[in-house]
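The values are calculated or read from the model by the stated rules, or taken from the named source; none is laboratory data. These figures come from a predicted structure and were not determined experimentally. FYI the Cβ positions are ideal-geometry reconstructions off the backbone, even for glycines, and counts take in every protein chain you see. We work out accessible area using only protein heavy atoms, side chains counted, and drop any ligands, DNA or RNA first. Shrake-Rupley method; radii C 1.70, N 1.55, O 1.52, S 1.80 Å.
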Amino acid sequence: MIAYYYIKKEETEETSDCGLKLSKWCDTEIIIDIFKKKAITAYLTPKDNIRKYMDPDYDCLKLELNDEKAYIVENVFFETGHQELYLNSVIPARQYKVGMYRKPAFTITYTVLGEFISVLDKNRDIPILFENDEEQYLKTLMAKLENEDTHFYDRALHGYFENNSQFTKIESDNKKYSIYESSGQHYIIRMKR
């Protein structure tokens, strides 16, 4: 299992030699089997942190993880301060399916030794299956909702047109359809079935 971790270039050599030490790089805590554990947060794909991916001051470390000691969390809960939801989202990494979480993150509960660390070569490294996890989450969610709701497209388009100032709703007494207009083009959405 591969994870990606960003580090300032000046710390790359030491980290590659001595390892990514839990005691130094710990940035979160999770609960595993009622025990609180310190953890290091890493990414599932390098572009999950596009700012650091593009920043020449950072190196992206590729970590080969022990499947038994790596977990996935929904990092949106951490970012929004929902600690209980964050802790409840922890699952073993091997149980995670792409698209389950909007901003999934690895939580690594041990020091990753130097022999399991390499610097990502953005041009010649192993191919990444998808660009970033957030985009994959949205695609997965849309497909799920589409399969569950036969009226999904009308509902989604209605919400889109209602919340986009470029479209003007053409008022009508008809409760079956809504009509929107933009730049001379008309869009018809079925409202009731």
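If the elastic network links every pair of Cα atoms under 10 Å, which of 108, 91, 179 fluctuates the most in the Gaussian network model of the chain?
Among 108, 91, 179, the largest mean-square fluctuation in the Gaussian network model of the chain belongs to 179.
Can you tell me the accessible area per residue over segment 1-98, all protein chains present, probe 1.4 angstrom, in square angstrom?
57 Å²
Provide the net charge surrounding residue 134, with neighbours chosen by a C-beta distance below 9 Å and charges set as Lys +1, Arg +1, Asp -1, Glu -1.
Spelling it out: positives minus negatives among the neighbours equals -1.
Going by a ≥ b ≥ c, the root eigenvalues of the Cα gyration tensor, does segment 79-193 fall in the rounded group (a/c under 1.5), the prolate group (a/b larger than b/c) or the oblate group?
Prolate is the answer for segment 79-193, as a/c is 1.5 or above and a/b outweighs b/c.
In the set (i) -0.41, -0.50, -1.04, -1.17; (ii) -0.56, -0.64, -0.99, -1.08; (iii) -0.64, -0.70, -1.00, -1.06, which value of log10 I(q)/I(0) by the Debye sum over Cα atoms at q = 0.10, 0.11, 0.16, 0.17 Å⁻¹ was calculated from the structure you see?
(ii)
Tell me the mean residue ellipticity at 222 nm calculated for the chain from its helices only (DSSP H runs of n ≥ 4, each -39500 (n - 2.57), averaged over every residue, nearest 500). Please report the intermediate quantities before stating the final value.
Values: 7 runs with 57 residues, N = 193.
After summing the helix terms and dividing by residue count, I get -8000 deg cm²/dmol.
Could you work out how far the C-alpha centroid of segment 146-193 sits from that of segment 45-99, in angstrom?
One Cα centre to the other: 37 Å.
For the cross-link pairs 21/103; 37/69; 8/37; 37/144, which exceed 22 Å when the distance is taken from alpha carbon to alpha carbon?
Numbers: 21/103 24 Å; 37/69 11 Å; 8/37 25 Å; 37/144 34 Å.
Check vs 22 Å cut-off fails for 21/103; 8/37; 37/144.
Tell me, what % of the accessible area of the chain is carbon and sulfur with a 1.4 angstrom probe?
51 percent
Please list, in chain and number order, the residues 5+ apart from residue 96 or on another chain whose amide H is under 5 Å from its amide H, with Hs placed from the backbone.
The list, which skips near neighbours in sequence, is empty: none.
Which pairs in the list 38/62; 9/97; 139/176; 24/62; 36/122 are over 25 Å apart, alpha-carbon to alpha-carbon? Mind dumping the intermediate values first?
Working: 38/62 20 Å; 9/97 32 Å; 139/176 29 Å; 24/62 18 Å; 36/122 35 Å.
As for pairs spanning more than 25 Å Cα to Cα, those are 9/97; 139/176; 36/122.
So how exposed is residue 142, as accessible area in Å² (1.4 Å probe, rounded to 10)?
Solvent-accessible area, nearest 10 Å²: 100 Å².
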